[in-house]
Amino acid sequence: MKPVSIGIDLGTSGLKALALTPEGHSVAEASASYPLLTPRPGWTEQNPSDWLEAARRALGELAEKLEAAGHTPVALGLCGQMHGAVFLDAWGEVVRPAPLWNDQRTAEACAEIEAAIPRSELIRRTGNPAVTGFQLPKLLWLRRAEGENFARTRRVLLPKDYLAFALTGNATTEPSDASGTGGLNLAAQDWDSELLAALGLGTDLFPELIPSHGVVGGLRADWAWATGLPEGLPVVAGAGDNAAAAIGLGLSSARPGVGSVSLGTSGVIFLPLERPTPDPQGRIHLFCHADGGYHLLGVTLAAAGSLLWYRDRLTPGVAFDALMQEAAAVAPGSEGLLFMPYLAGERSPHLDPDLRGAWLGLSLAHTRGHLTRALLEGVAFSLKDVLEVMRPLATIRQLLAIGGGARSELWLSILSAVLGAPLARTPIEEGPARGAALLGLVGAGVYQSVAEMLEATAPEAQAIPAHSEPVYAAAYERFKAAFRAVGSLARGA
């Protein structure tokens, strides 16, 4: 029998499970979906019971595939959506549906946090200002809006940690995900008791912290029976989704300067750090990494999502390849046309949910190709906004380009020219579940350390030829001026 490690990614739209060999090769995968609840405008929730049912289905399917292929699971690692809040009572039962990372009900709670702890001090301690999607504001919202439910709550868990609790009966978390709650002291990598006390909360509400490769416990008998996996299978804490994806790419604090840029639905720049070095203004996130170090994270909300919206709403039926060919025929700079990609507000570096998108500078001379190219360039400019905040904080030697948008040679050439940073590609596309499975290999003792595992499994990176377009320097200055215009419009100024 051949050993494999299972990785689970508990995402917003569904759960993915895959199995990796010790060399990092994927041998089987399965998935299951669940609904997103939006009971009020700005609210997003899910029922944790739906996550458990999805895990049963996906793990059962995966176990059958592994048995048929002669593979033996040696560990199960977890990762998933960050920032969510699963409120549990004294018996470990869920108190109410779990508000998610993109839930926006906590503006008053964020103001309450920054009234109790000055923003500069909050950033120094936790690496971030109070952010509406984080878990800590959700606790304050529960206390303010649903006092009876708050009184019943004895513990709050992050989504993947609730799944680990169900699988093992043990409540823990690990630093990469915990640093996205808003209540973790980054330097100490432990709950900030002084901060929590200032808000009238105790550390007993939060679970024990263990390393990302630490074993939460063994798989319970009822889960073994329901899935076909071995009872007692080590369940490993894992990581938040971005940190897990970075582990899958081989990104480590031991190799500072090598990060990633993702052109997925959102745009994400991930950059490892050896020491916790926050942006003093909190314009980008600082979190713990799953290797014991730290990382900077900047998120733009509508990267490839802008292109998908444009194709589906404005050019239905037109293939992406056709749109890209038209854009490639347009000169860099789109003859003065600018696209502001704030279709869903913006996260980094503006933290403004009220921003909105626009094409600026339209003329009778512009064609559909101009609209498309301006969109690609606008997303690249928004990512440059993020990178410019990171540059004083960390060395940037290379960024691995990942996500669906990175399959476009045109978009990569634009991104290379705009960012002015060396880009590279990897063949890896498994995403966060890969990193969770790799951390499982460390927890199971297949590797003695995360560093040893990364050395053995990091994918090869192929450098992308650098592109230079002098016109983009002036275009980026115009983009920043245009931001001031759309920002004023959003604020009603």
Filter region 451-493 for residues that are within 30 Å of residue 20 (Cα to Cα) and assigned to a helix (DSSP H, G or I); the one that is most open to solvent (accessible area, probe 1.4 Å) is 455
In this structure, is residue 142 aliphatic (A, V, I, L, M), open to solvent by less than 20 Å² (accessible area, probe 1.4 Å) and within 23 Å of the chain's Cα centre (by Cα)? no
In region 343-392, what residues are modelled with pLDDT of 95 or more, open to solvent by less than 10 Å² (accessible area, probe 1.4 Å), over 20 Å from the mean Cα position of the chain (by Cα) and not small (Gly, Ala, Ser)? 372, 375, 376, 377, 381
Go through (1) within 16 Å of residue 227 (Cα to Cα); (2) open to solvent by 40 Å² or more (accessible area, probe 1.4 Å) for residue 47 and report which single condition fails. (1)
Pull out all pairs, ordered by first then second residue, where Cβ-Cβ is under 7 Å, the residues are six or more apart or on different chains, the first lies in region 107-126 and is assigned to a loop (DSSP other than H, G, I, E, B), and the second is modelled with pLDDT of 95 or more. 117/195; 117/198
Within region 420-449, track down each residue that is surrounded by fewer than 24 Cβ atoms within 10 Å (Cβ to Cβ) and of a type in the set (A, V, I, L, M, F, W, C). 421, 423, 424, 428, 444, 446
Scanning region 179-213 for residues that are among the charged types (D, E, K, R) and under 26 Å from residue 284 (Cβ atoms), which turns out least open to solvent (accessible area, probe 1.4 Å)? 192
Assess whether residue 228 counts as being under 18 Å from the mean Cα position of the chain (by Cα) and either crowded, with 21+ Cβ neighbours inside 10 Å or on the phi > 0 side of the Ramachandran plot (or both). no
In this structure, is residue 258 modelled with pLDDT of 95 or more and among the β-branched types (Val, Ile, Thr)? yes
What residue, of 216, 236, is open to solvent by less than 10 Å² (accessible area, probe 1.4 Å), at pLDDT 95 or above, hydrophobic (A, V, I, L, M, F, W, C) and assigned to a strand (DSSP E or B)? 236
Going through region 240-293 in order, the residues found to be assigned to a loop (DSSP other than H, G, I, E, B), open to solvent by less than 10 Å² (accessible area, probe 1.4 Å) and either closer than 15 Å to residue 387 by Cβ or of a type in the set (D, E, K, R) (or both) are 257, 279, 284
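To keep it simple, each residue is scored yes or no on (1) under 23 Å from residue 171 (Cα atoms); (2) out of contact with any Cys (no Cβ under 8 Å at 6 or more places or on another chain); (3) small (Gly, Ala, Ser).
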site	(1), (2), (3)
6	yes, yes, no
15	yes, yes, no
26	no, yes, yes
39	no, yes, no
59	yes, yes, no
77	yes, yes, yes
98	yes, yes, yes
105	no, yes, no
108	no, yes, no
Answer residue from region 294-310, given it is touching a residue at least 60 places away in the same chain (Cβ under 8 Å) and not in a strand (DSSP E or B) and is farthest from residue 449 (Cα to Cα) among those: 310
Could you tell me which numbered condition residue 338 fails, if it satisfies all but one of (1) over 30 Å from residue 252 (Cα atoms); (2) open to solvent by 40 Å² or more (accessible area, probe 1.4 Å)? (2)
In region 114-154, anything within 16 Å of residue 284 (Cα to Cα) and among the β-branched types (Val, Ile, Thr) is listed as 123, 126, 131, 132
If you check every pair at least six apart or on different chains, which have Cβ atoms under 6 Å apart with a residue in region 441-452 that is closer than 19 Å to residue 26 by Cβ first and a residue that is aromatic (Phe, Trp, Tyr) second? 441/447
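The values are calculated or read from the model by the stated rules, or taken from the named source; none is laboratory data. Quick caveat: nothing in here was measured; it's all calculated off a predicted structure. Using ideal geometry, Cβ is built from the backbone for each residue, glycine included, and neighbour counts are taken over all protein chains shown. All accessible areas refer to the heavy atoms of the entire protein, side chains included, with ligands and DNA or RNA removed. Shrake-Rupley method; radii C 1.70, N 1.55, O 1.52, S 1.80 Å.
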